[in-house]
1. Dipole of region 236-426, Cα-centred, from +1 at each Lys and Arg C-beta and -1 at each Asp and Glu C-beta, to the nearest 20 debye?
2. Give me the distance in nm between label points sitting 7 Å out from Cα along the Cα-to-Cβ direction at ARG19 and ARG51, one decimal.
3. If packing is taken as the mean number of other Cβ atoms within 10 Å per residue, what is the order of 89-96, 384-391, 204-211, 277-284, highest first?
4. Give me the Kirkwood hydrodynamic radius of region 147-261 in Å, from all C-alpha pairs, to one decimal place?
5. In degrees between 0 and 90, to the nearest 10, how far off the longest principal axis of the chain does helix 211-221 point, with axes built from Cα atoms?
6. Going down the table (LYS102/LYS235; LYS64/LYS157; LYS18/LYS309; LYS157/LYS235), which pairs top 24 Å between alpha carbons?
7. Suppose every K and R has +1 on its Cβ and every D and E has -1 on its Cβ; what is the size of the dipole of the chain about the Cα centre, in Debye to the nearest 20?
8. Working from Cα positions, state the angle (0 to 90°, nearest 10) between the long axis of helix 136-149 and the longest principal axis of the chain.
Amino acid sequence: MADHISCISPVDGRVYAKRAVATKKAITQTFFNAAAAQVEWKNVALAERARLCSRAVDAMLAMKDEIVPELAWQMGRPVRYGAGELRGFEERARFMIGIAEKALAPIVPEAKEGFTRYIKREPLGVVFTIAPWNYPYLTAVNSIIPAIMAGNTVVLKHASHTLLVAERFQQAFDKAGLPKGVFQHLVLNHEQTAQIISGGLTNMVCFTGSVAAGRAMEQAAAGRFINMGLELGGKDPAYVRADADLNHAVENLVDGSFFNSGQSCCGIERIYVHKSLYKDFVAGFIDLTKKYVLGSPLDEATTLGPMIKADAAGFVRKQIAAAVRAGATAHIDPKSFPMDKKGTPYMAPQVLTGVNHQMSVMTEESFGPVIGIMKVSDDEEAINLMNDSAYGLTCALWTSDEQAAQAIGDRLATGTVFMNRCDYLDPALTWTGVKDTGRGATLSVVGYEALTRPKSYHLRTRTA
């Protein structure tokens, strides 16, 4: 078993960061400290928790100039977009801090003479957050801030590709003056992670990652009766209706498909277009895709950075090749993107037509810069195709008819329904999914429900 975890940069393949794996003693001590700190932290006034968490957000934002290039080196996000992740981090963190008092307030039923009755929201204890590399600050903050605000303590395990993100969180909370043990991080391998869950060291697991890893988490938790929040795979669809604003749909769906090199759980991975707009939509989509600049994420001119690793790019290339062999048409010549080289993480975007649901590119998560576009005759056909998936995180509807969007949305198996936008998390709305996308919820008041447990009080005040 390796005694170190290395972050291999997709920029040039070198080891960008290397950290020792936590020892068994360190793991035990970390979770002991977390449990001990939680006994005191849960009694700290909510206003004080908010003050300290707000200071941590301020401290994180103050590190922007270091964080942006770190992100580029660690996971390939172009520096021109790096600050956007911190803006999203701030939006979610400050919103969840701001709604904590309302979300955690006791639930009081109608008055009943002779009784005092209410339901309190109590913290779970120690929350174990296992965060991914693709949006390393945004995904982690979804559970970390509300967990701490709710009176829990947190232990963070971050992905190997983004080792330094966990350290930035630690620096921010330490600078804010958070009591020792309330937030900690560990460098762990997969086996250690499973042992923590199966060993009963944590009261909740918040995990974002693959379906296979999510199943492994549930197996490790079997018999422990702990809460599990799982955000897993996605194959998010978009539907462009006949009444859509064509230019707006093209512009936003190209971005929704290729931002972050397509490495987004809620990125657009398949598009269905009404036959009346299909030809013009495809032409506009191809034209805009050709304007992307594939290159080093450290270059301000780059709009498409490398994928996380060569194997990930290789998987997407195989999907494309299989689709073409089955009759699909690839509209982008990779040679027009000089940085595109097989065997490397640098991969040109690709637009496919002539696709169908017998092709893996339309059914299996790609997590890369490829999109398949299909023509549909009406809403009914689009709904059937959008629901023909093992996943259900988001869907995006492009139409000028809000009532139609609501009616279509009611028939879709998905966690979020977008109209005329995509690939965005509104912290006022819960983030959740169905089917193999996972279970549980983050953000909004519902996110606080997942990080607490209800406790009922039934107090008889009159005995006569």
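1. Numbers: 16 positive and 25 negative charges, 198 e Å.
Result for region 236-426 is approximately 960 debye, rounded to the nearest 20.
2. 3.0
3. On the way: 89-96: 20.9, 384-391: 18.9, 204-211: 23.1, 277-284: 16.6.
Result, highest mean first: 204-211, 89-96, 384-391, 277-284.
4. Numbers: mean 1/r = 0.0579 Å⁻¹.
Evaluated over region 147-261, this radius sits at 17.3 Å.
5. Roughly 20 degrees between the two axes.
6. LYS102/LYS235; LYS157/LYS235
7. Values: 49 positive and 47 negative charges, 321 e Å.
Roughly 1540 debye for the chain.
8. 20
Since every read-out is calculated from the coordinates, none of them should be taken as a lab result. Please read all numbers here as calculations on a predicted model, not as lab measurements. As a convention, Cβ positions derive from the backbone with ideal geometry for all residues, glycine included, and neighbour counts pool all protein chains shown.
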